[in-house]
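One structure below.
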Amino acid sequence: MNLFSIPVTAVRVGFRVARLPLDVARSVLPGGSRPGDRERQRAEELRRQAAERTAEADAKLRERREQAAERRSSADASAEARKRQAAEEREVRQESARQVESTRRQSSRKAENERAAEIAAEAPKGRLEVLDAVEDAQENREQALTERDEAERLAGAAARAKEERKS
């Protein structure tokens, strides 16, 4: 029995109770039993059974609908939970990617700064090497100029000596 079959049962029992005195009087009186009474009782019993089956079917249908609604609600809740979890996982992956990118940028900046520091440290050495090379080049030039001047002087002296010998 369920919530909806209770009123049907109450009405049916109420009619039976109301008819009870009439049925008792009819059965006690001679010729009180009519030929249609059995058919009426049978029809009433069939209607009662049909009403019970209908009430049971309605109750089962209502229960199935409630279960379906609960399953839908549960499915919606689990879908929403999966959606939230996916969003959280996506946020975690994005945060991780941001951290990796930040670390990569910091490493890149650090490497650039270290390379700049190495270049700055090597620059004076390079300048010294350049200055040494320039100094060597100037010394070589001066020596070449000195040798050329000496060669010219000697050539001039040889030319004068030759002239003197000719004259």
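None of the figures in this text is laboratory data; all of them are computed from the coordinates on show. In this text the structure is predicted, and so the values were computed from the model without any measurement. Counting neighbours? That spans all protein chains shown, and the Cβs are built from the backbone with ideal geometry, glycine included.
Excluding same-chain neighbours fewer than eight residues apart, the aspartates and glutamates reachable from residue 83 by a Cα-Cα span under 15 Å are 91. Taking the three principal axes of the alpha carbon atoms in the range 32-126, the coordinate ranges are 138, 11, 5 Å, sorted in descending order.
Taking Lys and Arg as +1 and Asp and Glu as -1, the other residues whose beta-carbon sits under 11 Å from that of residue 91 total +1. Projecting label points 7 angstrom from Cα along Cα→Cβ for residue 100 and residue 134 puts them 5.1 nm apart. Any idea what angle helix 35-166 forms with the longest principal axis of the chain, computed on alpha-carbon atoms, 0 to 90 degrees, nearest 10? Long axis of 35-166 versus the principal axis of the chain: about 0 degrees.
Rounded to whole Å, give me the distance from the Cα center of the range 115-153 to that of the range 76-110. So the separation of the two Cα centres works out to 59 Å.
When the Cα atoms of the chain are aligned to their principal axes, the ranges along those axes come out at 198, 29, 11 Å in descending order. Among 135, 152, 118, the largest mean-square fluctuation in a Gaussian network model of the chain, built with springs joining Cα atoms closer than 10 Å, belongs to 152. On full extension, the segment bounded by residue 117 and residue 38 gains 16.8 nm, given 0.36 nm per residue less the C-alpha separation.
When the chain is treated as a GNM with alpha-carbon contacts under 10 Å, the residue of 45, 150, 112 showing the greatest mean-square fluctuation is 150.
Give me the mean projected area, in nm² to one decimal, of the convex hull enclosing the Cα positions of the range 95-167.
So the Cα hull casts an average projection of 6.5 nm².
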